[in-house]
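The values are calculated or read from the model by the stated rules, or taken from the named source; none is laboratory data. No experiment lies behind these values; they were computed from the predicted model shown. Positions of Cβ are backbone-derived with ideal geometry, glycine not excepted, and every protein chain shown enters the neighbour counts.
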Amino acid sequence: MIRTKYIVIAAIVVVALLAGTAALTLMTPSTTAPSMTSEKIRVIATFFPMYDHTKNVGGDRVDVSILLPAGKEIHDWDPTPEQIRQVALAKVVVYNGAGLEPFIDRVLQAASPNVVAVEASKGIALLPLEEGGSDFHTWLDPILAKQQVLNIRDALISIDPAGKALYEKNAAEYLAKLDVLDAKIKNALAKTQKKEFVAFHEAFSYFAKRYGLTQHFLLEGLAEEPGPDDIIKVIDIVKKSDIKIIFFEPNLDPEALTKVTEAVPGIKTLPLDPIENPVDAVRLGKTYIGIMEENLNSLLLALE
Ligand SMILES: [Zn+2]
């Protein structure tokens, strides 16, 4: 009798402990996320900013990978048939759009017929490039990045309505962080004496417009190398505007800059990253916001 009672109590305790462990295991990643990797929404993002925005909104419900291989430059990259095949299992493809990814139609043709294609720049008013055509470097303006995040959020909700509350919560938190980034850049740049800077390539037009700066650049549009005219133009601007620092890109060969640095004694170089394919960004745990803050630090040194 007493013994039976103890056995029953012990059994109840064991069952409760097991149930508790099981519940904890399921709860570990997130209470609202699917518990198995295979249930996650497979997302392909064309390049790093789209990857980072999607991860921030999707959290544990999404499994995001980047189409652009490490070390490749988004402007002149063309996916191989094998790389395009990676897209076959994706439920969502997130791309910047505005003309950045001319290969996107071929990629989407290889995807499942039900794939949701998210053009993150949809609804954004585009600026012209100096050589003609539209400028697609929309992601470098944090306020336009917010529009991209909303487009990504809405697409995830449409394909996975069960995650709506999580996507809305995550997006709201991330948008608030982008607002903080915007305010930080705005306040810091409002105080600088100089307003002109020389970017390596014509990537920062939206950024410059947002923060009242004037962008000059060595490489126009999609050019891979500066022509003699470009170099003369930059040397002229640097001398006229008393520019002491010009920018290189961590992902590109800075050789073209040496023609300018040799011609202007004392001029220095700093990195300014267009976040087109930041080296090892995922492995190093870098973020869009973190790289934008690094860019701000470089700009502040150049504009002081
Ligand atoms: Zn670019």
Determine which single condition residue 298 fails, assuming it passes every other condition in (1) within 16 Å of the ligand (Cβ to nearest atom); (2) within 26 Å of residue 145 (Cβ to Cβ); (3) small (Gly, Ala, Ser).
(1)
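One line per residue, one yes/no per condition, for (1) farther than 18 Å from residue 73 by Cα; (2) hydroxyl-bearing (Ser, Thr, Tyr):
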{"site": "250", "(1), (2)": "no, no"}
{"site": "254", "(1), (2)": "no, no"}
{"site": "267", "(1), (2)": "yes, no"}
{"site": "270", "(1), (2)": "yes, no"}
{"site": "274", "(1), (2)": "no, no"}
{"site": "277", "(1), (2)": "no, no"}
{"site": "280", "(1), (2)": "no, no"}
{"site": "288", "(1), (2)": "no, yes"}
{"site": "298", "(1), (2)": "yes, yes"}
Can you confirm whether the range 233-247 contains a residue that is buried (at least 21 other Cβ atoms within 10 Å of the Cβ), within 15 Å of the ligand (Cβ to nearest atom) and not in a loop (DSSP other than H, G, I, E, B)?
yes
Among what's in the range 255-277 and is more than 17 Å from residue 236 (Cβ to Cβ) and within 16 Å of the ligand (Cβ to nearest atom), pick the residue that is farthest from the chain's Cα centre (by Cα).
271
Apart from one, (1) surrounded by 18 or more Cβ atoms within 10 Å (Cβ to Cβ); (2) farther than 28 Å from residue 177 by Cβ; (3) at pLDDT below 95 all hold for residue 263; the odd one out is (1)
Filter the range 65-112 for residues that are assigned to a strand (DSSP E or B) and in contact (Cβ under 8 Å) with a residue 24 or more places away in the chain; which is farthest from the ligand (Cβ to nearest atom)?
92
Considering only the range 211-232, how many residues are exposed (fewer than 14 other Cβ atoms within 10 Å of the Cβ) and on the phi < 0 side of the Ramachandran plot?
7
